[in-house]
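Written out below as structure tokens is the structure these notes cover.
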């Protein structure tokens, strides 16, 4: 095999290898990231003294000790955990009344749940943001509504959480996996 032929074969092999690697990262990048995260960190992350479970298939991006984002590699769902000092006059009733008054018709509060997380009272407001997509965003040229589900949770303690459930063609009402994750949170 001549020198030029060998260079051409090496060039083709490199192009194929780069194409395969790019395809694998495109289709499996988030799953690889989740697996790598668990191998490096285990099954928990700490946010401001709260120990929070990271389910299999999820990974965490932590920008500071006070906040972090959990990402589901399979669905794209995410949870934002954050902490900050609240006024001693802060109450969940006040927060609920403000959020209820500020709610827009297209971002309706569709459910409320009171629970205790790490010994602290939490109030979670389930929302359904309905967005009408333009006909150009549809395969058949008609208007479609997408639903962006979320759950916004406040506590009387420092930790708050927001779940973002991605886009769906129908309203989403099942948040049990999110609530089950909240139930595992422990103060350190």
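Exactly one residue out of 38, 3 is at pLDDT 55 or above and within 24 Å of the chain's Cα centre (by Cα): that is 38. If residue 114 satisfies every condition in (1) without any contact (Cβ under 8 Å) to a residue 24 or more places away in the chain; (2) exposed (fewer than 13 other Cβ atoms within 10 Å of the Cβ); (3) farther than 23 Å from residue 70 by Cα; (4) in contact with a strand residue (DSSP E or B) (Cβ under 6 Å, 6 or more places away or on another chain) but one, which is the exception? Here residue 114 clears every test but (3). Per this entry, residue 137 is counted among residues that are more than 18 Å from the chain's Cα centre (by Cα) and either at pLDDT 85 or above or assigned by TED's automatic domain parsing to the domain that holds residue 84 (or both). With respect to the stated conditions, residue 81 is crowded, with 16+ Cβ neighbours inside 10 Å and either outside any strand (DSSP E or B) or modelled with pLDDT of 95 or more (or both). Quick check: anything in the stretch 168-175 over 21 Å from the mean Cα position of the chain (by Cα), at negative phi and either touching a residue at least 40 places away in the same chain (Cβ under 8 Å) or outside the structural domain of residue 68 (by TED's automatic domain parsing) (or both)? No, every residue in the stretch 168-175 fails to be over 21 Å from the mean Cα position of the chain (by Cα), at negative phi and either touching a residue at least 40 places away in the same chain (Cβ under 8 Å) or outside the structural domain of residue 68 (by TED's automatic domain parsing) (or both).
The values are calculated or read from the model by the stated rules, or taken from the named source; none is laboratory data. Nothing here was measured: the structure is a model prediction, and the numbers come from that model. Note that we place each Cβ from the backbone using ideal geometry, even for glycine, and neighbour counts take in every protein chain shown.
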